[in-house]
Amino acid sequence: MSSSLLSHLSILKDSSERFSDRAVFKIPSEESTSSGIPRWEAITYKQFYDDVELCAKYWARELSSLIPLRSVVGLWIGGMTYTDVLHIYAISRAGYIPQLFSLRLPNPAIIYELLAKANASALVCDSLTSGFIDGNCMVPVLHAPFLAEIDLALSSESSPLLPTCEPSDCAFIFHTSGSTSGSPKLVPCNYRWLDAVARKASQTAVPRDSDRQDVTTCVGSMCHIGQTMLLICLMQYGTCIIQPKRLPFPTEELVNMIRFGNLNRLWQFATFFSVHLKAARKDSDLLSLLVNLEEVTTTGMALSQEDEAFAYQSGIKLKNIFGSTECGGTTFVSVGGSDPTIRHHLRPLQGLSYAFVPITSTADEHQSTARLLEFVVLSDSGDCPDVSLRQSDGHFHTGDLFQEVGPGSYIFAGRDDDWIKTENSLRCDTKSIEDNARAMCGTLISECIAVGTGRPFPALFVEAGSELDEVKLKKEIFRKIRHFHSRRYIHESIVSSKMIIVVPKGTLPRTASKGNIRRKAVEEAYKSRLDELYASGN
């Protein structure tokens, strides 16, 4: 691999030398001090590097007799613990290509299909997933040990040699956060792409105060691109990631991380941060803690106008970023500043090759006559994803729509297709849910629409086409669609009959010209009912 290209491994090595004694992770401890103050175990950059080297020796020993170097190795693990991070980095350091699977994919048949598509040679499972593996897995399955279970005698052995890698060689394989045709797509990430994403750190992760260490939060599992790329960016500045006990973390834990864990810079999905804002409206001490944070970076989707206005008026230092899995996370950053009319506007990152292409979209659907522009990542942009994800013109069409509100400034205006973003920014293809319901349910339903923007998983509104009792109708619909949803991520599944809402025929809001059901209008009209449904479901 070219020495000039940044990668997760080169950044780790460099950071372990520059910030050797700094904490890279703070791991929550079950123990507390006698006064009840929560504690965290600090993992230094040097320890992280040494632990990766030790684990790499373990995996080199385990895998070398089974598969060739540069083979794809699937990891179906939680991705939330320090040990998980070690295994991902160590398998890469040992000379293999990690293919990362989310626990949100609960069906092993899908895992096997994706392993086959990636031509993977082995699968690593942990205690959370090993029980799901059956005789249909066509590759060797290995167990991911805890760090304490790895023989320390390996420390004295030579580290495995890194195979030579070209910029076009694959470093990781992730997956799209939504399913297409019943399965997520592979997102192969080569070293040239990884370098471009790592260099975005200079526009997203620079500390406000170079004389102090930033302490921030993780945003999710290392099996998703978001957290993996966040770690790569933060390591370049010696930042510490404090790990909560669970995600999303409650407000009480956020308070503890600020007061006792020195958290000064919060990264969080907007949907989850809004929970803290709601609590801060009634708690002046909490509000003061949020105001005193050096920065609050929200992602996934924009805060509601109400939340955003409250945060700004209170003095919270907000920053919003917009991005996508395929582009390695961030592609836009909010303008910021003190002007309330423009501070929420988004500007694209510099040094990349982006285009905004006018689309022909009906004002009827978007309820706006403003010109809509599709965000396109051009083929010569360093963060343009693998050719398998690009359109026939060679570019990556994101499907994300924007309006230009000033020179180089934009606001997000939705998507040009039928995808929605759930509460943690993962995508859900609503059209496939609706098409399946229509195909499977026949005359039970007259029409349907899936909703769930900013929710944990979708709900299905159904206009009844049958005289069946509502409870029986919901159960019969769920019985017919259940198999389809068993193959999908949890965040894009109708998880029970409770998530099916039956309304009378012709009552859902529609567009005036085409008579199409308006997804956003349904979500707004039934907001209180949906709030109650998700509250009881959670």
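The values are calculated or read from the model by the stated rules, or taken from the named source; none is laboratory data. No experiment lies behind these values; they were computed from the predicted model shown. Glycine gets a Cβ as well: all are built from the backbone with ideal geometry, and neighbour counts include every protein chain shown. Just so you know, the surface numbers come from the protein's heavy atoms only, side chains and all, with ligands and any DNA or RNA stripped out. Shrake-Rupley method; radii C 1.70, N 1.55, O 1.52, S 1.80 Å.
Key figures
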| read-out | value |
| --- | --- |
| Hull shadow area, averaged, the stretch 230-357 [alpha-carbon convex hull, nm²] | 8.9 nm² |
| Calculated FRET value between LEU533 and SER202, using beta carbons and R₀ = 41 Å, to 0.05 | 0.40 |
| Unit charges at the beta carbon, dipole of the chain: most positive-side option, LEU186, MET440, MET138 | MET440 |
| Label point 7 Å beyond Cα of LEU69 along Cβ direction - residues of the stretch 129-163 with amide nitrogen under 13 Å | 159-163 |
| Two-decimal Rg/Rh across the stretch 13-66, once Rg and the Kirkwood Rh are taken from alpha-carbon atoms | 1.19 |
| Net +/- balance of residues flanking TRP193 in space, Cβ distance below 10 Å, scoring K and R +1, D and E -1 | -3 |
| Point-charge dipole on Cβ atoms (K/R +1, D/E -1) for the stretch 310-434, about Cα centre, debye to 20 | 600 debye |
| Helical mean residue ellipticity (222 nm; -39500 (n - 2.57) per DSSP H run of 4+; nearest 500) of the chain | -9500 deg cm²/dmol |
| Within the chain: Cβ-based charge dipole about Cα centre, in debye rounded to nearest 20 (Lys, Arg +1; Asp, Glu -1) | 760 debye |
| Square roots of 5 times each gyration tensor eigenvalue, C-alpha, the stretch 160-207, largest first, Å | 24, 20, 9 |
| Residue-span extension gain [ASP169 to LEU468] - 0.36 nm each, minus C-alpha spacing | 101.9 nm |
| Distance in nm between pseudo-label sites at ASN119 and ASP209 (7 Å out along the Cβ direction from Cα) | 5.2 nm |
| Point-to-point label distance, ALA355-GLN313, nm (Cα→Cβ direction, 7 Å offset) | 4.3 nm |
| Viscosity 0.890 mPa s, temperature 25 °C, Stokes-Einstein D of the stretch 178-272 from Kirkwood C-alpha radius, µm²/s | 164 µm²/s |
| Share of carbon and sulfur in the accessible heavy-atom surface of the chain [1.4 Å probe, %] | 51 percent |
| Shape box of the stretch 360-508 [Cα atoms, principal axes, largest first, Å] | 56, 34, 27 |
| Per residue accessible area of the chain, 1.4 Å probe, in Å² | 43 Å² |
| Length added when fully stretched, LEU152-ASP380, from 0.36 nm per residue minus Cα-Cα | 77.5 nm |
| Calculated SAXS-style log₁₀ I(q)/I(0) at q = 0.20, 0.23 Å⁻¹ - the stretch 479-538, Debye, Cα scatterers | -0.97, -1.09 |
| Cα gyration tensor of the stretch 430-535 - equivalent ellipsoid semi-axes, whole Å, descending | 18, 17, 14 |
| Global form of the stretch 1-159, assessed from the alpha-carbon gyration tensor, a/c cut-off 1.5 | oblate |
| Principal axis dimensions, largest first and in whole angstrom, of the chain by Cα | 73, 58, 56 |
| Prolate/oblate/rounded call for the stretch 247-322, Cα gyration tensor, a/c under 1.5 rounded | rounded |
